[in-house]
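Quick notes on the structure that follows.
Where a number appears in this text, it was derived from the coordinates with a stated rule and is not lab data. Remember, it's a predicted structure, so these values are computed and weren't measured experimentally. Cβ atoms come from the backbone with ideal geometry, glycine included; neighbour counts cover every protein chain shown.
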Amino acid sequence: MAAIDPAVAPDAAGTVNAWAGKYGERGAVKACVLSHLRSAGISGIDVSTLALQVAAALGVALPTKKDFSLFRRDTVHAVLKRAKADGLTEVLVAARGGHTPQVWRWRGPNAAPSLAELQDLREALELANKGG
């Protein structure tokens, strides 16, 4: 604040807590989302089901459809997107404007290979078998 106007007190705007602790300890939501995603296995899990599981595990009440939608979008989906950027998750079924929710799965350490990786392995095996 002082850089903008030295006459304004530095604490005039109040403090901002980036982590509000609404859902337990710091990192609890991320850990819960990723744990449920790992447990879902290679078939993955849709975002709506995942949101319900995470809310139940964390004791989050979602009394209205709006509460559920906001939790799914702003909390669970946000964790999934960040984890995707970090290479930990992937979208198996993308829902574009339909009523079918996206299906996500774990891609981090010890994850099952993706379909593309399996196809590459199959092609490599076929080439190796033809040559030998």
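Things worth noting here:
- Mean Cα-pair separation over length for the stretch 28-131, i.e. relative contact order, pairs under 8 Å, 6 or more apart, %: 32 percent
- Under 5 Å, built H, 5+ apart or other chain: amide partners of residue 92: 103, 104, 105
- Nearest 10 degrees, 0 to 90: helix 115-131 Cα axis against the chain principal axis: 20 degrees
- Annotation: for a label point projected 7 angstrom from Cα along Cα→Cβ of residue 25, no residues of the stretch 63-103 have a backbone N closer than 12 Å.
- Listed from fewest to most Cβ neighbours within 10 Å, the set 30, 130, 22 follows the order 130, 22, 30.
- Net charge, residue 58 excluded, C-beta distance under 15 Å - Lys, Arg +1, Asp, Glu -1: +1
- Remark: spin-label model distance residue 94-residue 68 equals 2.6 nm, labels positioned 7 Å along the Cα→Cβ axis.
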